[in-house]
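Heads up, the thing below is written out as structure tokens.
The values are calculated or read from the model by the stated rules, or taken from the named source; none is laboratory data. Note that the structure is a prediction, hence the values are computed from the model and not measured. For neighbour counting, all protein chains shown are included, and Cβ atoms are generated from backbone atoms with ideal geometry for every residue, glycine included. For accessibility, only protein heavy atoms count, side chains too; no ligands or nucleic acids. Shrake-Rupley method; radii C 1.70, N 1.55, O 1.52, S 1.80 Å.
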Amino acid sequence: MDTYYIDGEFVPADRAVIPVTDLAVLRGLGAFELLRTYGGHPFALEEHLERLQHSVQKMGLLLPWTIEELRRIVLETLQRNLANGHSESNIRIIVTGGSSSDFMTPQGQPRLLVLVSEMPRQPEAWYTDGVKITTMQNRRILPGAKSINYLSATIALKKARDRGAVESLYVDRDGQVYECTTSNIFMFTGQTLVTPGRRILSGITRGFILALAQNLFQVDVRDMALEELIRADEVFITGTNKGIVPVVQIDDGQIGNGRPGRHTRELMHTLSARAASHASRTLYTA
């Protein structure tokens, strides 16, 4: 059974509880990060912890743990799960709003949770054949912060899956494209890679893709309209558990020739090589 870190203690997953007075339960108030391992090694841990710190600050919560303390707790939790036989692991780091006597106002006593679990495998066809995504008029409530409140994302994702899609793309009333429920969006127009840069959560995987692409293509971080996205030569989405997933259909419109594009496949190969390099490292300890 997996072992979780819950508010100062390491406990079996079936004994992991927090009080019902916590604002994470009452109001969906809290910040989180999701990262994965490659070869058992946590990928981009420092970047995730820094973004967690940013999210907590943006929500007006306290973070009484230093980055180094968080790092040690995460690594010890991972170490305690090494015998569970995960092919690869997901690591969820959650900072809750803490208990509140008025059931509304944070009172400076957040809780820290670290959950390690088996990382799910995505369908191989996503990468060989590409996927469909849908659009929804929506936008992140607090851009730049990774909140545990996923109500709008959950509704959007269910509607997308009901239509045979794997993701839902947020678009505003003016047709401006932002991001998907759990992914960032990219497009190729010729040799230029384009991705939105405003009012989004800047994904950690997104950041690595942009860094890798600098040596391969022209990169343009700018506003993106839905009409130009649909006309793009290639489209793909990125995320922690997804990596790079080619998009071949948006709503009822086909992207390019309906197959994963050459540039997208090149970036997929480059990211895989980067992940393989990370997986070959010696696991550092807490």
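Once R0 is set to 22 Å, what does the formula 1/(1 + (r/R0)^6) return for the Cβ-Cβ distance between residue 50 and residue 220, expressed as a FRET efficiency to the nearest 0.05? Spell out each step's value before the answer.
Values: r = 25 Å, r/R0 = 1.14.
About 0.30, to the nearest 0.05.
Return a whole-number percent for the relative contact order of the chain, with Cα pairs under 8 Å and 6 or more residues apart as the contact set.
Numbers: 568 pairs, mean separation 55.5, N = 286.
That works out to 19 percent.
The share of alpha-carbon pairs in region 36-87 lying farther apart than 16 Å comes to 47%. For region 90-162, what does the alpha-carbon gyration tensor say about shape, rounded, prolate or oblate, given a ≥ b ≥ c as the root eigenvalues, a/c under 1.5 as rounded, and a/b over b/c as prolate? Because a/c hits 1.5 or more and a/b fails to exceed b/c, region 90-162 counts as oblate. For region 115-266, the fraction of 1.4 Å probe accessible surface lying on carbon and sulfur atoms is 47 percent.
In the chain, a dipole from Cβ-located charges (positive for Lys and Arg, negative for Asp and Glu) runs towards its positive end, and of 126, 207, 226 it is 226 whose Cα lies farthest in that direction. Computed over the chain, the quotient of the alpha carbon radius of gyration and 2.2 N^0.38 Å is 1.03. Annotation: residue 271 carries an accessible surface of approximately 20 Å², with a 1.4 Å probe and no ligand, DNA or RNA atoms counted.
Determine the gain in length on full extension of the stretch residue 26-residue 10; use 0.36 nm per residue of separation and subtract their C-alpha separation, reporting nm with one decimal.
On the way: separation 16, 0.36 × 16 = 5.76 nm, distance 2.40 nm.
Working it through step by step, the gained length comes to 3.4 nm.
Here the simple spin-label model places points 7 Å from the Cα toward Cβ, and for residue 172 and residue 117 these points are separated by 3.4 nm.
Nearest 20 debye, what's the magnitude of the dipole of the chain about its Cα centre given +1 on Lys and Arg Cβ and -1 on Asp and Glu Cβ?
120 debye
Straight-distance candidates among the lysines for linking to residue 158, with alpha-carbon spacing under 21 Å and chain neighbours fewer than 8 residues away dropped: 132, 146, 242.
The share of Cα pairs per 10 Å bin across region 13-64, counted from zero up to the longest distance, runs 21, 37, 36, 7 percent. With no solvent and one equal point scatterer per Cα, compute the Debye intensity ratio I(q)/I(0) for region 1-100 at 0.14 Å⁻¹ and report its log10, rounded to two decimals. The computed values of log10 I(q)/I(0) come out as -0.55.
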